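Please treat every number below as a calculation from the coordinates, not as lab data. Remember, predicted model here, so these are calculated numbers, not experimental data. Here the Cβ positions follow ideal geometry from the backbone for every residue, glycine too, while neighbour counts run over all protein chains shown.
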Amino acid sequence: MFATGLPPIALSFFSVVSTLIAIPAGVQMIAWITTIWSGRPVWRTPLLFVVGFIVLFLMGGLTGVMFAVVPFDQQVTDSYFVVAHFHYVLFGGAVFPIFAGLYYWLPKMTGRLLDEGLGQANFWSMFVGFNLTFLPMHVVGMLGMPRRVDTYPSGLGWDGINLVETIGAYVLALGILAFAVNFLWSLKRGELAGPNPWFANTLEWATTSPPPDYNFETLPTVTGRDPLWDRYDETGRPILTSHGGCSARRWARSYWRPSRNES
């Protein structure tokens with residue numbers, strides 16, 4: 001809107017409103033980080049995608065607030081800087097959480113875990129490929145490359161940067177291919193998930209994986225906000241179910257971290 005010839009008072013209105021977007025976005029960031037901090041994070045593939053989403057969404061938000069500055073916006077309007085910004089917000093803010101959800105809930109749907117090694121390769125290739133693709137677009141946009149062009153003269157300083165972006169796009173595509181391979185492999189050869197492979201606290205993990213048509217034979221009793229963490233043994237640790245071939249106690253020693261109230 002800053003480049004459409006609006007009068008200064010209208011530009012001021014759009015600038016103020018665009019800046020105010022940072023307030024609810026900041027509250028979101030605090031809520032997400034606090035949720036992880038106060039929980040029992042397990043550093044496996046689903047959480048990697050969640051943290052990757054927070055990092056990318058933060059970067060996209062920072063460049064978004066920059067657009068609220070009218071002189072800056074008028075310089076980069078319709079350039080590759082804008083392309084970089086909205087991909088950080090839309091791809092980083094939507095696609096990465098979708099992959100986190102797939103790795104987290106597909107074991108409940110299929111009854112089998114996705115491979116952790118392939119999962120981490122999936123995450124890092126997508127994270128690195130994404131940043132190789134879109135981070136340089138901020139630079140080439142500042143150098144004046146417009147959006148929606150299919151070719152341009154050489155010698156403008158854009159060639160090397162665009163080559164890096166192309167390489168990054170292929171790395172990103174390989175990451176998505178790794179997920180497809182992981183998913184198909186897990187359907188036949190994946191480790192059995194069991195009812196609650198993540199030792200999570202919510203009710204979908206209180207039944208088998210995949211769940212029966214009726215979900216629960218009897219309605220589960222809920223006495224607090226963490227119904228599956230309400231039972232504790234004599235040491236104060238939650239009573240856990242088995243995790244495939246790994247005993248619950250050994251898995252808990254490896255991955256479980258008590259909250260502050262229990263420390």
Candidates for mean projected area of the Cα convex hull in nm² are [x] 14.8; [y] 13.5; [z] 18.7, and the calculated one carries label [z]
Across Gly117, Gly93, Gly194, the residue with the highest GNM fluctuation in the chain (Cα network, 10 Å cutoff) is Gly117
Note to self: C-alpha centroids of segment 109-150 and segment 159-214 sit apart, in Å, by 16 Å
Phe179 neighbourhood, Cβ < 14 Å, K/R = +1, D/E = -1, net charge -2
Expressed in nanometres to one decimal, the distance between label points 7 Å along Cα→Cβ at Glu204 and Met109 is 0.9 nm
Computed over the chain: longest principal axis from alpha-carbon atoms vs helix 159-189 long axis, angle to nearest 10 degrees, is 20 degrees
Between Glu217 and Trp32, Cβ-based FRET efficiency (R0 30 Å, step 0.05) works out to 0.25
Within the set Pro211, Pro197, Pro24, GNM on the chain using Cα springs under 10 Å gives the largest fluctuation to Pro24
In degrees rounded to 10, the 0-90 angle between helix 96-110 Cα long axis and the longest Cα principal axis of the chain is 30 degrees
The chain: relative contact order from alpha carbon pairs under 8 Å, six or more residues apart, as a whole percent, is 20 percent
Checking Gly190, Gly64, Gly160 against a Gaussian network model of the chain (alpha-carbon springs below 10 Å), the top fluctuating residue turns out to be Gly160
If the chain between Leu184 and Val17 were fully extended at 0.36 nm per residue, the gain over the current Cα-Cα distance would be 55.5 nm
Tilt, helix 22-38 to longest principal axis of the chain (alpha-carbon atoms), in degrees rounded to tens, equals 30 degrees
